[in-house]
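The structure under discussion appears below in the form of structure tokens.
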Amino acid sequence: MTTTETKAIKGGEFLIRETHAAEIFTPEDFNEEQKMIRQQCEDFLAKEVWPKLDEIDSMKNPKLMPEILDKAGELGLLGTSVPQELGGFGMDFNTSMLVAEVLGAGHSVAVAVSAHTGIGTLPILYYGNDAQKKKYIPKLASGEWKAAYCLTEPDSGSDANSGKTKAVLSKDGKHYLITGQKMWITNGGFADIYVVFAKIDNDKNLTGFIVEKSFGGITMNEEEKKMGIKGSSTRQIFFNDCPVPVENMLSERENGFKIAVNILNIGRIKLGVAAIGGSKATLSKAINYAKERKQFGTSISNFGAIKHKLAESAVKIYASESAHYRASQNIDDAYHALVAGGMESGKARLKALEEFAIECAILKVHGSEVLDFVTDEGVQIYGGMGFSAEGPMDRAYRDARINRIFEGTNEINRLLTIDMILKRAMKGTLDLMGPASAVQKELMGIPDFGASDEEGLFVKEKKALANLKKAGLMAAGAAVQKFMMKLSDEQEVLMNLADMLIEGYVAESVLLRVEKLIQQRGEKACEVEKEMAIIYLHEAIEKAASAGKSAVTSFAEGDELRLMMLGLKRFTKIDAYNLKNARRKVADYMIEKGRYPF
């Protein structure tokens, strides 16, 4: 499904490499089969999930969620990316992203499906040996067996490798006896298979194990009472000398932490795109309500303040969606290149995901924060009904909040983004030094304030985007020079730098998507999409300027500070644009359609 023959891009390279519109995949590129899968997911939600949301959240029927997963399994929604020889459909990563996006509107069901198909199934699919895959994957793909992932412990959340769960080899050498406590285990109450992480003896690193509930030695607390995703089974699970056959060790001894990290890369981008699916459904409800709700003799959708909220939500959704599918196609392209080079399929998938771990972290942050924004504005548009449990925004608002914590908190993911970029620069796999030095030289030179004679689509916007990247390189380069090896202690600065990076990536993604769309359909047919891309770029530059100022003022002073502030001003300059009118055009288009239509 590659859109054009191009030189393969590396993860994180977007910061220093110009990308062309023809190189990226957009949601408009989905083929007919993928569109049919999307419709199937929408039909599943409409029939099996949305009419039962209150019953699901009540948790009064413990069989309900497993039964819904059974129906998802019958439709093949649990085995989208599982190879055909193991009972799945063998679809590419982009298709599995599409399924995750649409089902992301399913509230607690989305969480259960995601945990089962992602962190529950993929460790076995990618790290299991042939016997393990043949035994477990077909039944997981069909939904006959349900899966859960046991990593987090009371004293080890973000610091997963500090877990205290132990695995001791039995005297006869046939079993590992696992003892320990795991918490916040999604699907824990009904799972048949647990992927459990424990330390053997005094090992430094975790080891993974495939544990069947039938092995015994497993007890659990009652269901957790949660702020949101109330219908999702969340349990504390206790292992007390749980006997696990030695052949159920997953991968090699002490490889568990690597498994956890790599599987989380997948979970992050899938969570981000699921949040976008939830955002679309929430915004569509808000648009409909705004049309129906009348105040002062007119629909509130006619008010400028409401149009602003609707348009801002749409712009963020559209931009984030653009970035998600751009990255997922990069992952697919890297995978195919590795397989063509002779690498085994499972290893190639992991290697491709590892290559784009930076983008996965970026998108987890962005997607989850878009969903938070959209649900918050949804509550506001609904007004008093938004605060009522009788309306849909109550559930949407509460369910959204966990996503900034799931799959590594957004703070952790921001720190990881910069950490991974700098580590690749130090290893020489990503050439940041050359571009950063060029920016420093440009900063010392005379700025070019002349108007560009170049004509074409988004010429000014692309120049502004290139400068936005320069602002990030300038701030990051100065921070590295200032703090050197102690930069990791400056978390506030790192998060400022991450925000600059995130905004640059997403702004470029939406600009390229719309450019490609205009090339295909013509500018007249893409007027609203063009406005959204321009709105997002302006707001991204404003956010980056603020983050950059916060970063450099925290460590620079005197002449250095003055020079950097001048540089920030130069690199975050963009021609004025009537954003109010642009937002109104976006809002009016959606109001006419009665839904999020893009």
Look at the stretch 383-413 and say how many of its residues are within 25 Å of residue 360 (Cβ to Cβ) and in a helix (DSSP H, G or I). 11
Is one or more of the residues making up the stretch 217-226 touching a residue at least 12 places away in the same chain (Cβ under 8 Å), of a type outside the set (Lys, Arg) and within 30 Å of residue 11 (Cβ to Cβ)? no
Please verify whether residue 148 is of a type in the set (A, V, I, L, M, F, W, C), part of a strand (DSSP E or B) and either free of Cβ contacts under 8 Å to residues at least 24 places away in the same chain or farther than 16 Å from residue 200 by Cβ (or both), treating the condition exactly as stated. yes
If you go through 235, 253, the only one that is of a type in the set (Lys, Arg) and assigned to a loop (DSSP other than H, G, I, E, B) is 253
Restricting to the stretch 196-232, what's the tally of residues that are in a loop (DSSP other than H, G, I, E, B) and polar (S, T, N, Q)? 4
Filter the stretch 547-589 for residues that are of a type outside the set (A, V, I, L, M), touching a residue at least 24 places away in the same chain (Cβ under 8 Å), farther than 30 Å from residue 303 by Cα and assigned to a loop (DSSP other than H, G, I, E, B) and give the result. 554, 555, 572, 573
From the list 246, 211, 273, exactly one residue is out of contact with any Gly (no Cβ under 8 Å at 6 or more places or on another chain) and of a type in the set (A, V, I, L, M, F, W, C). Which is it? 211
Checking 307, 280, 270 in turn, the sole residue that is farther than 30 Å from residue 66 by Cα, of a type in the set (D, E, K, R) and touching a helix residue (DSSP H, G or I) at 6+ places or on another chain (Cβ under 8 Å) turns out to be 307
Against the definition (in contact with a Lys or Arg (Cβ under 8 Å, 6 or more places away or on another chain) and under 24 Å from residue 550 (Cβ atoms)), how does residue 495 come out, yes or no? yes
Complete set of residues in the stretch 155-195 that are within 20 Å of residue 402 (Cβ to Cβ) and assigned to a loop (DSSP other than H, G, I, E, B): 157, 158, 159, 187, 188, 189, 190, 191
Do we have residue 296 as at pLDDT below 95, among the aromatic types (Phe, Trp, Tyr) and surrounded by fewer than 24 Cβ atoms within 10 Å (Cβ to Cβ) here? yes
Residue 456 - would you say it is crowded, with 18+ Cβ neighbours inside 10 Å, over 25 Å from the mean Cα position of the chain (by Cα) and either outside any helix (DSSP H, G or I) or not acidic (Asp, Glu) (or both)? no
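The values are calculated or read from the model by the stated rules, or taken from the named source; none is laboratory data. These figures come from a predicted structure and were not determined experimentally. Note that each Cβ is placed from the backbone with ideal geometry, even for glycine, and that neighbours are counted across all protein chains shown.
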